[in-house]
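Bear in mind that the values in this text are calculations on the coordinates, not laboratory data. Everything numeric in this text was worked out from a predicted model, so none of it was measured. With ideal geometry, Cβ positions are generated from the backbone for all residues, glycine too; neighbour counts draw on all protein chains shown.
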Amino acid sequence: MKIKKFEFNMFPVNCYVLWDDTNEAVIIDPGCIEPEEREALKGFIAEKALVVKHLLNTHLHLDHIFGDAFVSKLYGVPVEASQADEFWIEEAPKQSRMFGFEWKEPMEKVGHYLHDGDTVTFGHTALEVIHIPGHSPGGLVFYCEEAHCVFSGDVLFQGSIGRADLSGGNFDELIEGICSRLFTLPNDTTVYPGHGAPTTIGTEKTDNPFFRLRGHEEPEGF
């Protein structure tokens, strides 16, 4: 499996394009808000002659869904996400005003609900869907066993975890989910987060302060 990361600038958020030798592809969290960001994503997919089969959202916070309508309409694929996060779509205009701008484009609705234990396939590649609430009620991560990697959204970062003080967040659920669902993966599993640089499961088990200290403070950030 091949991976291309786009880091969009407003928040910033990581968007990932995954594909294999069949040229079938998935897009994860297209947080592209500016026209040039959308053109960069579109241009890359055209350059590689990729066929987009899935549009996946790790969760539905504003910064991760800016490009959902653009991608869905351009490639004819529905948004795939957890139903538990669907309320965030209705909250998007209010959330945008909190960040000092007015978002007037209609947000794309979820067209296909993903659940814990589902498998998303494209080409010869399979992604396991793992539900880890806490940052958001419907937080999902996507694990590719064959490629030894996981796309963690805002659940787990290099040296940190997602904030749990937004609507539907739960700090204890987040910690428990990371420990029971992610830290049971092989230590050499690469973690591709929704913000920032990649890391590994083994590194976060030993170096992440929220697990060395068992996290008595709420994290700051996304």
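Spin-label point model (7 Å from Cα, Cβ direction): what's the LYS109 to ASP172 distance in nm?
With each label point 7 Å from Cα toward Cβ, the separation is 3.6 nm.
Pairs of alpha-carbon atoms within less than 8 angstrom and 6+ residues apart define the contacts here; what relative contact order does segment 90-222 have, in percent?
Relative CO of segment 90-222 lands at 19 percent.
Arrange HIS112, HIS59, HIS124 by Cβ neighbour counts within 10 Å, fewest through most, would you?
HIS124, HIS112, HIS59
Note down the net charge around MET98, summing +1 for each Lys or Arg and -1 for each Asp or Glu among other residues with Cβ under 15 Å from its Cβ.
Details: positive: LYS94, ARG97, ARG163; negative: ASP63, GLU90, GLU91, GLU102, ASP165.
Overall, the nearby charge balance is -2.
How do GLU145, GLU37, GLU108 rank when sorted from fewest to most other Cβ atoms within 10 Å of their own Cβ? Intermediate results must be reported in sequence, preceding the final value.
Values: GLU145 13, GLU37 22, GLU108 19.
Ordered from fewest to most neighbouring Cβ atoms within 10 Å, GLU145, GLU37, GLU108 come out as GLU145, GLU108, GLU37.
Exposure proxy check: ILE89, ILE3 ranked by fewest other beta carbons within 10 Å?
Placing the least packed residue first, the sequence is ILE3, ILE89.
Using 0.36 nm per residue of separation minus the Cα-Cα distance, give me the extension gain between ALA69 and LYS205 in nm, one decimal.
The span from ALA69 to LYS205 would gain 45.3 nm if fully extended.
Mind pulling up the Rg/Rh value for the chain? Radius of gyration and Kirkwood radius, both on Cα.
With Rh from the inverse mean 1/r over Cα pairs, Rg/Rh is 0.94.
So for the chain, averaging the separation of alpha carbon pairs under 8 Å that are six or more residues apart and normalising by length, what relative contact order in percent results?
15
Where nothing but the Cβ of Lys and Arg (+1) and of Asp and Glu (-1) is charged, how large is the charge dipole of segment 2-212 around its Cα centre, in debye to the nearest 20?
In debye, rounded to 20, segment 2-212 gives about 260.
Could you tell me how many cubic angstrom of Cα convex hull volume segment 74-186 has per residue?
Each residue corresponds to 132 Å³ of Cα convex hull volume.
Taking the dipole about the Cα centre of the chain, with the C-beta of Lys and Arg at +1 and of Asp and Glu at -1, give me whichever of VAL51, PHE70, PRO137 is farthest to the positive side.
VAL51
List every residue whose amide H lies under 5 Å from the amide H of GLY67, counting only residues 5 or more places away in sequence or on a different chain, with H placed 1.01 Å from N in the peptide plane.
Correct list: GLY31, CYS32.
So which of LYS53/LYS94; LYS2/LYS73; LYS2/LYS205; LYS5/LYS53; LYS53/LYS109; LYS4/LYS94 end up more than 22 Å apart by C-alpha?
Working: LYS53/LYS94 31 Å; LYS2/LYS73 24 Å; LYS2/LYS205 26 Å; LYS5/LYS53 17 Å; LYS53/LYS109 17 Å; LYS4/LYS94 31 Å.
With Cα atoms farther than 22 Å apart: LYS53/LYS94; LYS2/LYS73; LYS2/LYS205; LYS4/LYS94.
Which far-off residues, 5 or more places away or on another chain, put their amide H under 5 Å from the one on LEU50, with H placed in the peptide plane?
none
Dipole size in debye (nearest 20) for segment 151-193 around its Cα centre, Lys and Arg Cβ +1, Asp and Glu Cβ -1?
It comes to approximately 100 debye.
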